[in-house]
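The values are calculated or read from the model by the stated rules, or taken from the named source; none is laboratory data. Because the structure is a prediction, the values reported are computed rather than measured. When we count neighbours, we look across all protein chains shown, and the Cβ atoms used for this are built from the backbone with ideal geometry, even at glycine. In case anyone asks, the SASA skips ligands and DNA or RNA and just uses the protein heavy atoms, side chains included. Shrake-Rupley method; radii C 1.70, N 1.55, O 1.52, S 1.80 Å.
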Amino acid sequence: MNEKEFKNWRKSLGLSQKEAAKALGLKPRIIQYYEKGERNGEKVKVPRSIRLACYALSQGITDYNGPKQGEEVNAG
């Protein structure tokens, strides 16, 4: 996910930068770095954990507490 894709993700959900930061558990400034693709002249990539969180939010998943008791987890 590059900076344009990240911004498109946020806009597709109708989130402000502040709302996206809250949903992802980040500071708003981090959202700005991801959308710009850099911080203080250095490249910034959206980490895998944040990309996965973006996908979950786009699917309507806002929280996860692990598998239910007796539920098998598929690692693949």
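With 26 Å as the limit on Cα-Cα distance, the pairs of Lys7/Lys43; Lys7/Lys27; Lys11/Lys43; Lys7/Lys68 that go past it are Lys7/Lys68. For Lys4, the aspartates and glutamates whose Cα falls under 19 Å of its own Cα, not counting residues fewer than eight places away in the same chain, are Glu19, Glu35, Glu38, Glu42.
In this Cβ point-charge picture (+1 for Lys and Arg, -1 for Asp and Glu), the chain has a dipole of about 400 debye about its Cα centre. Using the Karplus relation 6.51 cos²θ - 1.76 cosθ + 1.60 with θ = phi - 60°, the per-residue 3J(HN,Hα) values for the stretch 27-42 come to 7, x, 5, 5, 4, 4, 4, 4, 6, 7, x, 7, 9, 6, x, 9 Hz, with x marking Gly and Pro. The residues of the chain expose on average 81 square angstrom of accessible surface per residue, using a 1.4 Å probe on protein heavy atoms.
Report P(r) for the chain: all Cα-Cα distances, bin width 10 Å, range 0 to the bin holding the largest distance, values in whole percent. For the chain, the pair-distance distribution reads 18, 49, 20, 12, 2. Per-atom-type breakdown for the chain gives carbon and sulfur 47% of the accessible area (1.4 Å probe, protein chains only).
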